[in-house]
Amino acid sequence: MPRTSQAHAQIHAGVTTASDEEVARFQAIADAWWDSTGSFKPLHQINRPRLEALAEHLAAHFGRDRTADRPFEGLTLIDIGCGGGLLCEPLARLGFQVTGIDAGERNIQVAKHHAEQMGVTIDYRTATPEQVEGQFDVVLSMEVIEHVTDVDMFLAACAALLKPGGAFCGATLNRTGKSFALAIIGAEYVLRWLPRGTHDWKKFVKPSEFTAALRKAGIVVKALEGVSYDPWRDLWNRVKSVDVNYFLFGVKPQS
Amino acid sequence: MTELTADVLVIGGGLVGGPLACALAQSGLSVALIDGEVPDATLAPTFDGRASAVALAPQRMLAAIGLWPHIEPWAAPIRHIRVSDGASPLYLHYDHREVGEDSFGWIVENRALRQAILKGIARHGDKIAFLAPARMTHLARNPSDVVATLSDGRTVRARLAVAADGRGSPTRESAGIGVTSWKYGQTAIVCTVAHSLPHGDAAQEHFLPAGPFAILPLTGQRSSVVWTEKAHLVPAILAQDEAAFQRELESRFGDYLGDLTLEGPRFSYPLTLQFARSYTAHRLALIGDAAHGMHPVAGQGMNMGLRDVAALAELLVEAKRLGQDLGDAQILARYGRWRRFDNLLMLGLTDGLVRLFSNDVAPVKLVRDLGMAAVNRLPPLKRFFMKHAMGTVGELPKLLRGETL
């Protein structure tokens, strides 16, 4: 269940010692993935309002001062479906002790390679949520749920990783006419931001469905917001409307 | 070999690089600031005889980053601006009351600005590593960081390098960023005069065929003179003895401020216009004169530099609070988009002004005099020009609105 990278995602089982050739290949993928003006540009652009929403909600929840250096020091976070680590790295710089998991071995290799290059410490593992032990202060699942087969089972596994009193952050695509027009026709066919077939509109999740599934898993949704693209300024901004791409913030009650 | 690590490396601790370092440090970013000069030497009366206009919006930023209290005692407000064309009886009068502000801006001697900036840098000593005098011999811009090597063997590692090293910016040159430039064939003679009558907080701009002659109010009964002259005449003018030089000056200055006394040395600066073809490269941003240099006619050089500072500081502080890589290409692209158009517009305006006024061609003179008279009689148009000069229009970064980051 990797994110938009699933076109690249292949499972290379048992790769423990990477050859020079493989390192070079990971470098090439990492370079492409992390080139914020290259083919993954929209992913980088959407990261800004995403990180802003994450930092704002998490600072409020944990009572942290966002203007401090490394405001989230002392908190643990797991990013489920971390891809190349586009969110893991900034969150680690903000002070979180970050674990990043992805089912795609290659994604994890790329993420590891880049974090090392940037001097950021992150615990990356090729795994699915049910394979992880322990509990975290924050569980992140961004742009993953629209790719999984059994939403309830997936969210139960996510919730199991969350400490009581911890925060869950999710993001996905809404199942609306507008999201079909923008995310499928627009992003995959017209603008070619994503490879065709990246998304299956029928698997998109309405906020009401996401919220209900989380409640079953023991997580109470506290906030919902959207992002939208401003073509004039070539920027993604946070908006109230959750018609297309939305972000959700939830809490696992103490008892 | 000592290695220093910072979020941002700023090359050049002058009138633009210094404020950037202070703005970033105030918001918690660590800065390594490199300057080639001995800091105290930049305060000598012989180092820089110019004064700079600080418009209203950049002043708000200087206040927001804590520099203004150190500048204020040396800042003379501009409450009136009078523009005249040669011997023509028509002139343009801008009055601060028409825009409802206490003043359009301030004139501050660069020496006072440098002193205030050094105080600001010292106050942020925990966040700013001020390396001066230091000479950078090499700047490596790597995939994940930049590393500057200094002549004494020390190295500085940061995520982003910012070049604030002036018109001839060696950093810009070695990054291979070209500039478009042209010479005006004019040189500015700059000197300070004391006068027996008060200036009444008025700035005078007298357009003479050789170029604009500006009298800018300083604190007390003093003014800064920016006398633009045809370049080839300047060596002879400067070579004259004090009495002869003063006679030449008085013939242009007039006697409306009473008797004049020259204060301090005379300086001269050849005038050019230039703009960098790009404001950014891999892990590098250009600000101030390194990015754009303009004719001093409208007093906008430092102001445009401070606008660069406000935009870049806002983007970098946001990125830091989001945990992003400060040298990310997206952030640099946003900086370039934000500043290039604004700066080109001002370069175009000042260039147009200089070309329109620096001649004595009768039909051109008639048109510009009628234009000035028309602007004088059309309050909305006049307010539009005044607000532009004050820098309060456009999509303003927070610091230019006086907000902190």
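The values are calculated or read from the model by the stated rules, or taken from the named source; none is laboratory data. Quick caveat: nothing in here was measured; it's all calculated off a predicted structure. Cβ coordinates were reconstructed from backbone atoms using ideal geometry, including for glycine residues, and neighbour counts include every protein chain displayed. Note: areas computed on protein heavy atoms with side chains; ligands, DNA, RNA excluded. Shrake-Rupley method; radii C 1.70, N 1.55, O 1.52, S 1.80 Å.
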Within the set of pairs 6 or more residues apart or between chains, which connect a residue that is without any contact (Cβ under 8 Å) to a residue 40 or more places away in the chain and within 14 Å of chain B (Cβ to nearest Cβ) inside the range A:115-128 to a residue that is part of a strand (DSSP E or B) and buried (at least 19 other Cβ atoms within 10 Å of the Cβ) with Cβ atoms less than 6 Å apart? A:Ile122/A:Val98; A:Ile122/A:Gly100
In the range B:138-169, residues that are away from chain A (no Cβ under 14 Å) and part of a loop (DSSP other than H, G, I, E, B) total 10
In the range A:59-81, is there at least one residue being crowded, with 20+ Cβ neighbours inside 10 Å and of a type in the set (D, E, K, R)? yes
Selection over the range B:297-336 where residues are open to solvent by less than 10 Å² (accessible area, probe 1.4 Å) and of a type in the set (D, E, K, R) yields a count of 1
Counting only residues in the range A:24-41 that are small (Gly, Ala, Ser) and within 18 Å of B:Gln324 (Cβ to Cβ), the one surrounded by the fewest Cβ atoms within 10 Å (Cβ to Cβ) is identified as A:Gly38
Quick one: would you say B:Leu233 is open to solvent by less than 40 Å² (accessible area, probe 1.4 Å) and of a type outside the set (Lys, Arg)? no
Inside the range A:219-244, the number of residues satisfying the requirement of being open to solvent by 30 Å² or more (accessible area, probe 1.4 Å), part of a loop (DSSP other than H, G, I, E, B) and either in contact with a strand residue (DSSP E or B) (Cβ under 7 Å, 6 or more places away or on another chain) or among the small types (Gly, Ala, Ser) (or both) is 4
Among the residues of the range B:321-334, the number that are assigned to a helix (DSSP H, G or I) and either under 15 Å from B:Arg283 (Cα atoms) or hydroxyl-bearing (Ser, Thr, Tyr) (or both) is 6
Using the structure shown, decide if B:Gly66 is in a loop (DSSP other than H, G, I, E, B) and either open to solvent by 10 Å² or more (accessible area, probe 1.4 Å) or not hydroxyl-bearing (Ser, Thr, Tyr) (or both). yes
Restricting to the range B:69-97, give me the number of residues that are over 29 Å from B:Leu15 (Cβ atoms), not in a strand (DSSP E or B) and not hydroxyl-bearing (Ser, Thr, Tyr). 5
Look through B:Leu24, B:Leu29 and report the one residue that is under 21 Å from B:Arg401 (Cβ atoms), part of a helix (DSSP H, G or I) and over 16 Å from the mean Cα position of the chain (by Cα). B:Leu24
Counting just the residues of the range B:323-344 that are in contact with a helix residue (DSSP H, G or I) (Cβ under 9 Å, 6 or more places away or on another chain) and of a type in the set (A, V, I, L, M), which one comes out farthest from A:Gly85 (Cα to Cα)? B:Leu332
Name the residue that is farthest from B:Ala140 (Cα to Cα), counting only residues in the range B:170-181 that are assigned to a strand (DSSP E or B) and polar (S, T, N, Q). B:Ser181
Scan of the range B:345-357 for residues that are surrounded by fewer than 16 Cβ atoms within 10 Å (Cβ to Cβ) and touching a helix residue (DSSP H, G or I) at 6+ places or on another chain (Cβ under 7 Å), ordered by number: B:Leu356
State the number of residues belonging to the range A:63-114 that are of a type in the set (Ser, Thr, Tyr) and within 13 Å of another protein chain (Cβ to nearest Cβ). 1
Looking at the range B:162-191 only, could you name the residues that are among the polar types (S, T, N, Q), open to solvent by less than 20 Å² (accessible area, probe 1.4 Å) and modelled with pLDDT of 95 or more? B:Ser169, B:Thr171
For the range B:284-324, how many residues are within 14 Å of chain A (Cβ to nearest Cβ) and more than 20 Å from B:Leu29 (Cα to Cα)? 0
